[in-house]
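Input: a single structure, listed below in structure tokens.
The values are calculated or read from the model by the stated rules, or taken from the named source; none is laboratory data. Owing to the predicted nature of the structure, the values given are computational and were not obtained by experimental measurement. Backbone-built Cβ (ideal geometry, glycine too); neighbour counts: all protein chains shown.
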Amino acid sequence: MLKIATFQNLTSDFTERVKIGGIEVSLRFAWNTKSEYWILNEYKEIESGIIINAVKMVLNYPVLYQFSTNLKGQLTIFLQDSSLSTDITYESFGNGHNLFYLEEEEFELWKEANGFQ
């Protein structure tokens, strides 16, 4: 499991490049002020050029599950600060509601443990 650092304390719309599962990706996150939630505004695989836009960030749900990517595992947000509510707020993204990449085996175990199909 790899924790993906997020930088929401700097801005409400930011991009970062990271290598996950052996694939270099660009992740652009944005805060939707009107509806008050974070979105993965753009997921882009640098080498293949695969692009996915506007995916709402939801706690304990694989972010890219319904899309075709070259990743073998999944990006997921987990609550790591029990003093927070389950709602991912502007301030809590990366500060208690943290983004992780689960490797393929880890994701399979997570699916089984959570009854996810």
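Restricting attention to the stretch 75-88, does a residue exist that is farther than 18 Å from Gly21 by Cα, of a type in the set (S, T, N, Q) and surrounded by 15 or more Cβ atoms within 10 Å (Cβ to Cβ)? Give the derivation first.
Within the stretch 75-88, the subset farther than 18 Å from Gly21 by Cα is 78-88.
So of that shortlist, the ones also of a type in the set (S, T, N, Q) come out as 80, 82-83, 85-86.
Still in the list and also surrounded by 15 or more Cβ atoms within 10 Å (Cβ to Cβ): none.
So far as the stretch 75-88 goes, no, none of its residues is farther than 18 Å from Gly21 by Cα, of a type in the set (S, T, N, Q) and surrounded by 15 or more Cβ atoms within 10 Å (Cβ to Cβ).
Please enumerate the residues belonging to the stretch 4-33 that are of a type outside the set (Val, Ile, Thr), closer than 24 Å to Thr89 by Cβ and in contact with a Phe, Trp or Tyr (Cβ under 9 Å, 6 or more places away or on another chain). Lay out the reasoning, then the answer.
Filtering the stretch 4-33 for residues of a type outside the set (Val, Ile, Thr) gives 5, 7-10, 12-14, 16-17, 19, 21-22, 24, 26-32.
Then keep just the ones that are closer than 24 Å to Thr89 by Cβ; that gives 5, 7-10, 12-14, 16, 27-32.
Correct list: Phe7, Gln8, Ser12, Asp13, Phe14, Glu16, Leu27, Arg28, Phe29, Ala30, Trp31, Asn32.
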Which members of the stretch 79-91 meet the condition of being in contact (Cβ under 8 Å) with a residue 12 or more places away in the chain and farther than 9 Å from Val58 by Cα? Leu79, Gln80, Asp81, Ser83, Leu84, Thr86, Thr89, Tyr90, Glu91
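State yes or no: is Ile4 at pLDDT 95 or above, β-branched (Val, Ile, Thr) and more than 22 Å from Gln117 (Cα to Cα)? Please lay out each step first, then the result.
Details: at pLDDT 95 or above: no; β-branched (Val, Ile, Thr): yes; more than 22 Å from Gln117 (Cα to Cα): yes.
When the stated conditions are applied, Ile4 does not pass them.
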